[in-house]
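The values are calculated or read from the model by the stated rules, or taken from the named source; none is laboratory data. The structure presented is a predicted model; accordingly, all values stated were derived computationally and were not measured. Note that each Cβ is placed from the backbone with ideal geometry, even for glycine, and that neighbours are counted across all protein chains shown. When the accessible area is computed, the model is the full protein with side chains, heavy atoms only, and any ligands, DNA or RNA have been set aside. Shrake-Rupley method; radii C 1.70, N 1.55, O 1.52, S 1.80 Å.
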Amino acid sequence: MLNAKYTALLTFLTLLFCGTLCSAMIIPFMGFFLVEGLGYEPWIISVYSVLAISLTLTANRQFAHRIDRGDRVFPLVGLAALGYAVASSALAVSPALWTVLTFGVIGFGISSSAVSTMFSLGGSLAERRHIERSRFNAYMRATSSTAWMLGPAATFLIADLITTEAVFVATLGTSMIWIALWWLTLPRDITAEAKPKQQEAGSVIGASRRLWLAAIFIFCLSSAHSLTFSALPIFYVQEVGLPGYAPGVAFSVKTFVEVIAIFCTPMIIARFGIRRALLATACLAVVTIQLLASVQSLPQMLAGAALEGLYYGFYASLGISYVQSFAKDRPAGATALYWNTLMVSGLLAGPVVGLVAQAYDFQTVVRLASGVALLACAVLLFSRPRAEVAT
């Protein structure tokens, strides 16, 4: 019985890993592909980001509503995997701007919904098997971070050693593995258990207010990360003059440290509480992003990537538990709100990166991100103490 329990969870984490690996191979690469591979100006990143992330937001919201009412999860994950495969196929055959803005936007936009769907399902599975939700969140975040450690490094290495177009052939191959795992391992009738709704109007309003305050903090810190996420690969290659494989190496170092930080978060929550730990994490982000903007060599890039992984690992694991704690009767909805907040930050960061880089440079974008992280500190600092939880 014990082996069956952990086999089911490991199978779930394997599917999550493969789906996240697919996303990790394409998300940080698309801006680089548009500017370096196709030769367009940085503003085109904004166009792609707005279209793709808008579709992801819509899919996340619709899928979360279905999950919370007890619908089957199997077809939702399958739709995401198939969308990714179609987009990769189209770009492997015709790596052009029109393909990016049609097949790429639709396929990759829908496929990005898989992460929110899997996290919503994972929380329910953990509760059924009597595992603390915040602890299993850490397992899922560590799994996702491991995928992010490998995905960007692989794509940037392929682009540097072969061609940028070859990346889409590789993502098509990984999408086939994702589809096979989805078909073979995810039960057809699997659902997330619906939670009883809160009855008292006052408690609902209070919980909703605290939930949105938490979401505002997540938005600010996620915006800071999204700005650096989009700007750093081109900043390293174009403005610092590092080799083409450098962004992939930086992602690998970042996510390696991130995994270690994620596994430390349950102890940090128990010792300090989520809110205070998040405040310290936001302060670390301010300093780290300023250091990233000052990178001039490969060793400095690696040191900065390690610090980035430290703050983002703490934030990634603490943040989702913080948001979920304010909507225990709507776990999928809270999870979708968390991921949608990340997506909105990315949606807004895309145009900002394109416009600021067009007017100034990518280093200015990174410095701006540090200011946004400082705003996140202010939001959490001036939020009411009753918003603090230590679950």
Among LEU181, MET140, SER230 - extreme Cα towards positive end, dipole of the chain, charges at beta-carbon: MET140
Dipole magnitude of the stretch 53-130, debye to nearest 20 (Cβ charges: Lys/Arg +1, Asp/Glu -1, about Cα centre): 180 debye
Debye, to nearest 20: dipole size of the stretch 93-184, +1 on Lys, Arg Cβ, -1 on Asp, Glu Cβ: 440 debye
Size of electric dipole in the stretch 1-147: Cβ of Lys, Arg +1 and of Asp, Glu -1, about Cα centre, debye, nearest 20: 640 debye
The stretch 38-53 versus the stretch 153-192: alpha-carbon centroid distance in Å: 23 Å
Solvent-accessible heavy-atom area per residue, rounded to whole Å², over the stretch 276-370 at 1.4 Å: 33 Å²
Taking the chain and dividing mean pair separation by its residue count, relative contact order in percent (alpha carbons under 8 Å, at least six apart): 27 percent
Coarse-grained scattering of the stretch 128-190 at q = 0.29 Å⁻¹, given as base-10 log I(q)/I(0) from a Debye sum over alpha-carbon atoms: -1.12
Table column - 3J(HN,Hα) (Hz), the stretch 227-239, Karplus curve with 6.51, -1.76, 1.60, x for Gly and Pro: 4, 5, 4, 7, 8, 4, x, 6, 4, 5, 7, 7, 9
Debye intensity ratio I(q)/I(0), log10, the stretch 81-122, q values 0.14, 0.22, 0.26 Å⁻¹ (C-alpha model): -0.33, -0.62, -0.76
Stokes-Einstein D for the stretch 41-101, Kirkwood Rh over Cα pairs, 25 °C, 0.890 mPa s (µm²/s): 183 µm²/s
Of THR364, LEU347, HIS130, farthest towards positive along the dipole that unit charges on Lys, Arg, Asp, Glu beta carbons give the chain: HIS130
Phi-based couplings in Hz for the stretch 265-271 (Karplus 6.51, -1.76, 1.60; Gly and Pro marked x): 5, x, 5, 5, 4, 5, 7
Accessible heavy-atom area order of ARG129, ARG61, ARG275, highest first, probe of 1.4 Å: ARG61, ARG129, ARG275
Whole-percent carbon and sulfur share, accessible surface of the chain, 1.4 Å: 68 percent
Dipole axis of the chain (+1 Lys, Arg; -1 Asp, Glu on Cβ), positive-most option in PRO42, ALA305, SER112: SER112
With DNA, RNA and ligands ignored, accessible area of CYS283 (1.4 Å probe; Å², nearest 10): 60 Å²
Cα extents of the chain along the three principal axes, largest first (Å): 56, 47, 36
Accessible area (Å², per residue) of the stretch 65-184, counting only protein heavy atoms and a probe of 1.4 Å: 37 Å²
Euclidean distance of C-alpha centroids, the stretch 335-376 and the stretch 272-327, integer Å: 15 Å
Phi to ³J(HN,Hα) by Karplus 6.51 cos²θ - 1.76 cosθ + 1.60 over the stretch 279-292, Hz, x for Gly, Pro: 5, 5, 5, 5, 5, 4, 4, 4, 5, 4, 5, 4, 5, 4
